[in-house]
1. Say we join alpha carbon atoms closer than 10 Å with springs in a Gaussian network model of the chain; which of Asp173, Asp111, Asp25 then has the biggest fluctuation?
2. Two decimals is fine: what is log10 I(q)/I(0) at q = 0.12, 0.25 Å⁻¹ for the range 223-300, from a Debye sum with one equal scatterer on every Cα and no solvent?
3. Quick one: compute a quarter of the convex hull surface over the Cα atoms of the range 43-123 and quote it in nm².
4. Where a Cα-Cα gap under 29 Å defines reach, which lysines qualify for Lys374, not counting those fewer than 8 residues away within the same chain?
5. Pairs of Cα atoms under 8 Å, at least six residues apart: use those to get the relative contact order of the chain, whole percent.
6. Hey, how many Å between the Cα centroid of the range 73-132 and the Cα centroid of the range 205-248?
7. Identify which of Gly288, Gly393, Gly279 has the largest mean-square fluctuation in a Gaussian network model of the chain, with springs joining Cα atoms closer than 10 Å.
8. With a cut-off of at most 14 other beta carbons within 10 Å, and DSSP calling the residue loop, which trypsin sites (Lys or Arg not before Pro) in the range 111-174 qualify? Please list them.
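Here, each number is a calculation from the coordinates, and none is a lab measurement. Please read these numbers as outputs of a predicted model, since none were measured by experiment. Because the Cβ atoms are built from the backbone with ideal geometry, glycine has one as well, and the counts that use them run over all protein chains shown.
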Amino acid sequence: MSRLALSLTRFFFLLGAFASPAQADNWPEWRGADGDGFSDESTVPLKWTHQQNVLWKTELPAPGNSSPIVFGDRVFLTCANDDGTERSLMAFNRKSGALLWKRSKRHLQPDPTHATNPWCAPSPATDGESVYTWNGSAGAAAYDYSGKILWQRDLGAFVHQWGHASSPRLYKDTVIIFGGPGPRVLLTALDKRTGKTVWQEDLSQLGSEPQELKGSFATPFIWQNGKRTELLLPLPGYLASFDPDSGKEIWRCDGLGSLSYSDALLGQGMILAFSGFKGPSFGMRAPGQNERGNLTKSHRVWFNEASEQRVGSGVIIGDRFYICGRKGPLKCGDLSTGEIIWTHDLGEQAWSAISYVQNRLYLTDQTGVTYIFKPEDHFDLIERNTLAKEDRGNATIAFSDGQLFLRTHRHLYAIENAR
């Protein structure tokens, strides 16, 4: 299925909004070119182990939760050292897995995080010319493809006991960064060429003490609503839409809990938002391109008061949504009602996002097992692919030109069908 067909399936609204096509062979940001986990690849591998169909496997310096991105002949990945005093961006040769360069920034100030969420959790982003990183208190940076530093920005301290995880999002000539959680919370756009602030929206009214169980770790999602471009971001208490050209809030819908990890989902004229830590979830009717303000009463269609802890983001396929809880309950739900149609217990925790390619869904659990299953009204497993026992992890697969790139805490894998 083409990118345009996928976009029409996912984003068709009464006013005719759809996403523009993107190159199939690149995976330039968190969750791909459109930031939604969809790929129109046609030759993605179905079977692999730590030895079978492995093009290469490269050892990594330390554990991490960020996911790889792929552009042309390069694979990029962020990784910190064991104590977080060195924050690095690494570039690998796509064909061989050889490390081409590694650029690191020292950060010696106290910067807490949880043991399960090592530093450098945000994935990088690239426009094919430069690579952009965001590391919370360690700041933002841009590099060219030779590893030369183009600019660095210190945006201040972002302190929370669980660290941070939101990945940078590219929009026009800017890098959009969500900073938080903790006492300081902000949404900002930096000029891609210079790193200078284009706009900054202070969201510190949502701030909390570093030990408080409050905050958002989600990554902004950009979509085209008719002639209006919007940025969706789950926040403590509500889902917000912002203007990515100015940072000003367009609308909000109340109903989220104090914690959010997964990104907003969009499809078939509906927008879904999920809380973390047993908080509520809801589905709302996507607003028209001229609607603004608090849309809770007019647009929220369903509301589920409590659910299991959720970390990884899901997908919408047709009139169903698929999402996995942190402790492994994989679920399929009705898009229009929120009713859960089926639940399958993976038996392991899963923090990664679900991806959709070739009418198949891909999800990797913390033990490195990737489940490939059909988007059906019952759990229909296609394959269960296992790596070595030491290859645990939380990252999400990158799909590019018939290959898969999977990061574990110990290795970066390139997987392709044997030729």
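1. With Cα springs under 10 Å in the chain, the top fluctuation among Asp173, Asp111, Asp25 is at Asp173.
2. Taken in order of the listed q values, log10 I(q)/I(0) reads -0.29, -1.25.
3. Working: hull surface 25.5 nm².
Mean projected area of the Cα convex hull: 6.4 nm².
4. Straight-line reach from Lys374, under 29 Å: Lys47, Lys57, Lys278, Lys327, Lys331, Lys389.
5. Working: 1227 pairs, mean separation 68.7, N = 419.
So the answer I get is 16 percent.
6. A separation of 25 Å, based on Cα centres.
7. Per the Cα network of the chain with a 10 Å cutoff, Gly288 tops the list.
8. Numbers: sites: Lys148, Arg153, Arg169, Lys172; in loops: Lys148, Lys172.
Counting only loop positions with at most 14 other Cβ atoms within 10 Å, the trypsin sites (Lys or Arg not before Pro) in the range 111-174 are Lys148, Lys172.
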